[in-house]
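The values are calculated or read from the model by the stated rules, or taken from the named source; none is laboratory data. Worth saying up front: this structure is predicted, and the values here are computed from it rather than measured. For neighbour counting, all protein chains shown are included, and Cβ atoms are generated from backbone atoms with ideal geometry for every residue, glycine included. For the accessible areas, the whole protein counts, side chains as well, though only heavy atoms, and no ligand, DNA or RNA atoms are used. Shrake-Rupley method; radii C 1.70, N 1.55, O 1.52, S 1.80 Å.
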Amino acid sequence: MKIFLNKQTQKLATLAVASLMLFSCSSDDDGVDSVASIVEPIMLDCSYFDTNPDVHLTDDPNAPVDYIVNCDPMTSGDFIIDAGVVIAFESDAGLRLGKYADGKIQMNGTADKPIILTGTQKDKGSWRGIQISSDNPANRMDYVTVEYAGQTGRGGWALQGSLIGTYGAVLEMNHCTVQHGHLIGFHWYNNSKSLTLSNSTFTGNETPIETSVNHINSIDGTSTYTGNVNNYIKLTSHDVYQDVTFHKTDVPFLSTGFKPDNGAKRRFTFEPGVTILMEAGSQIRFQNAFHYNHEIIMVGTAEDPITIKGKEDVPGYWTGIQIDYTTNPLNEIGFLDIANAGATNGYPNGAILLGSWDIFLNMHDVNFIDCFEYAVSIERPNDINFSYNNLNLVNTPKMFSDWSGGEI
């Protein structure tokens with residue numbers, strides 16, 4: 001059976017020392033105990049998972065690879081991996097954890113003994129990846145590397161990603177690495193439940209992370225997202241059903257637009273230094289069918305402004321920001337660079353649209369850069385509480401318009 005020599009440094013060092021001892025011993029050293037032989041990996045097929053609802057995988061210090069998985073099982077019980085375990089997955093293999101139940105998922109790596117989930121072939125997409133559906137609050141991954149996963153094609157999951165959360169999944173993820181994945185490294189779907197993410201690395205993938213705005217609170221500056229084909233965090237378009245905070249990260253967010261749902265008042269906070277790239281024709285809208293007085297806190301600093309711009313540097317590439325029916329006195333937009341916004345197919349076409357008569361907004365220190373025609377369009381100029389100062393036009397033709405495109 002083939003041995004995969006990719007165990008952690010600790011095991012490699014042990015083997016190296018053992019080899020040195022073996023070759024340096026003379027014929028007079030017959031009393032010295034022989035060094036332990038390398039242990040071959042254990043094969044785990046679907047029959048193993050069928051007969052073991054609860055799985056506990058342990059580390060063998062003498063095995064460069066502890067286990068090989070050659071199928072794509074669904075588990076329902078507890079799934080626990082000890083520190084130092086290395087699992088290699090064959091093509092069409094992977095793990096679907098907690099598919100129809102809430103079994104506990106714990107991968108307990110450490111800084112000295114990380115867990116490695118890899119492919120038998122070191123190619124992007126050589127195996128399926130890990131799918132998590134369990135909603136057990138004890139689910140966690142610490143010091144785990146997931147690499148060369150994200151396989152698509154015959155028999156593949158409709159879901160994309162090397163590490164996937166879906167169907168109400170709950171996960172706390174610390175000091176993990178998702179690397180060299182095909183398509184999406186970490187895909188946390190909108191129908192997942194709860195994510196806590198910190199101090200992790202997403203690199204060498206096509207896209208590091210794809211998720212919904214509803215899970216944006218977990219994407220923060222403690223993790224790194226660079227070194228991918230697409231160096232952005234992709235956000236899918238969904239109604240926002242909770243308070244959300246956009247944290248400053250080392251790559252921009254890419255958004256197809258978002259707005260609050262119709263359930264309750266929502267708070268939208270954007271930290272200084274946040275950068276959002278907007279897809280063609282997309283819009284950020286702080287409005288819904290009911291008057292909930294949503295809070296908009298979009299305030300950068302002079303040294304670290306917030307930037308919201310088109311994915312392509314083209315005037316009118318995306319529609320812009322629209323604010324309706326919120327008289328919340330906390331609404332503030334300041335130290336913002338907004339670029340490439342404004343509708344190109346009619347009026348109103350401001351980069352920022354103030355619709356309805358129920359609006360409170362303090363806007364200051366905003367640069368309108370390469371926007372299509374107007375910076376701000378106002379539906380009812382005499383009926384809103386709108387204060388502003390230090391608004392600047394940079395390659396944007398005009399400042400204010402009414403709802404029909406007339407300059408005011």
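Our coupling estimate for segment 65-77, obtained by passing each phi through the Karplus curve with A = 6.51, B = -1.76, C = 1.60 and θ = phi - 60°, is 10, 7, 9, 10, 10, 10, 9, 10, x, 9, 10, 10, x Hz, Gly and Pro reported as x. When the square roots of the Cα gyration tensor eigenvalues are ordered a ≥ b ≥ c, the ratio a/c for segment 55-212 is under 1.5, which makes its shape rounded. Taking a ≥ b ≥ c as the square roots of the eigenvalues of the Cα gyration tensor, segment 236-303 is classed as oblate, since a/c reaches at least 1.5 and a/b does not exceed b/c. For the chain, the solvent-accessible area with a 1.4 angstrom probe is 41 square angstrom per residue.
Only one residue of A83, A93, N389 has its Cα farthest out toward the positive end of the dipole of the chain, where Lys and Arg carry +1 and Asp and Glu -1 on Cβ, and that residue is N389.
Exposed loop sites, defined as trypsin sites (Lys or Arg not before Pro) outside DSSP H, G, I, E and B with at most 11 other Cβ atoms within 10 Å, are absent from the longest region of the chain, namely 155-408. In this calculation the C-beta distance from S404 to N230 is compared with R0 = 60 Å, giving a FRET efficiency of 0.95.
Rg then Dmax, both in Å and based on the Cα atoms of segment 369-408: 10.5, 29. When each of the peptides 205-215, 382-392 is scored by the mean number of other C-beta atoms lying within 10 Å of its residues, the order from highest to lowest reads 205-215, 382-392. Over all pairs of different C-alpha atoms in the chain, the reciprocal of the mean inverse distance, the Kirkwood hydrodynamic radius, equals 23.6 Å. Label reach from I42 (point 7 Å along Cα→C-beta): in segment 101-124, amide nitrogens under 20 Å belong to 104-110, 113-120. Computed from Cα positions, the angle between helix 9-24 and the longest principal axis of the chain comes to roughly 30 degrees.
Candidate cross-link partners of K124 among the aspartates and glutamates, defined by an alpha-carbon separation under 19 Å and a same-chain spacing of 8 or more, comprise D72, E90, D92, E147, E206, E210.
Shown here is the pair-distance distribution of segment 231-346: with all Cα-Cα distances grouped in 10 Å bins from zero up to the longest one, the shares run 15, 46, 35, 4 percent. For the pair Q242 and T222, the difference between a 0.36 nm per residue extended length and the Cα-Cα distance amounts to 5.0 nm.
Take the Cβ atoms of N293 and L391, set R0 to 25 Å, and the FRET efficiency comes out at 0.55.
Length gained on full extension, T51 to K265: 72.2 nm, using 0.36 nm per residue less the C-alpha separation. Counting only Cβ charges, +1 for Lys and Arg and -1 for Asp and Glu, the dipole size of the chain around its Cα centre is about 700 debye. Taking 7 Å steps out from each Cα toward its Cβ at D123 and R380 produces label points 6.3 nm apart. For the chain, with all protein chains in place and a probe radius of 1.4 Å, 49% of the accessible heavy-atom surface sits on carbon or sulfur.
Going by a ≥ b ≥ c, the root eigenvalues of the Cα gyration tensor, does segment 137-191 fall in the rounded group (a/c under 1.5), the prolate group (a/b larger than b/c) or the oblate group? Cα axes put segment 137-191 in the oblate bin.
In the chain, helices alone account for a calculated mean residue ellipticity at 222 nm of -1500 deg cm²/dmol, with every DSSP H run of four or more residues adding -39,500 (n - 2.57). Cross-link check: pairs K122/K234; K248/K311; K193/K259 evaluated at a Cα-Cα cut-off of 22 Å; pairs beyond the cut-off: K122/K234.
Sparsely packed loop sites in segment 296-378 (the GluC sites (Glu not before Pro) outside DSSP H, G, I, E and B with at most 10 other Cβ atoms within 10 Å) comprise E303. All distinct Cα pairs of segment 203-272 go into the 1/r average, and the inverse of that average, the Kirkwood radius, is 12.6 Å.
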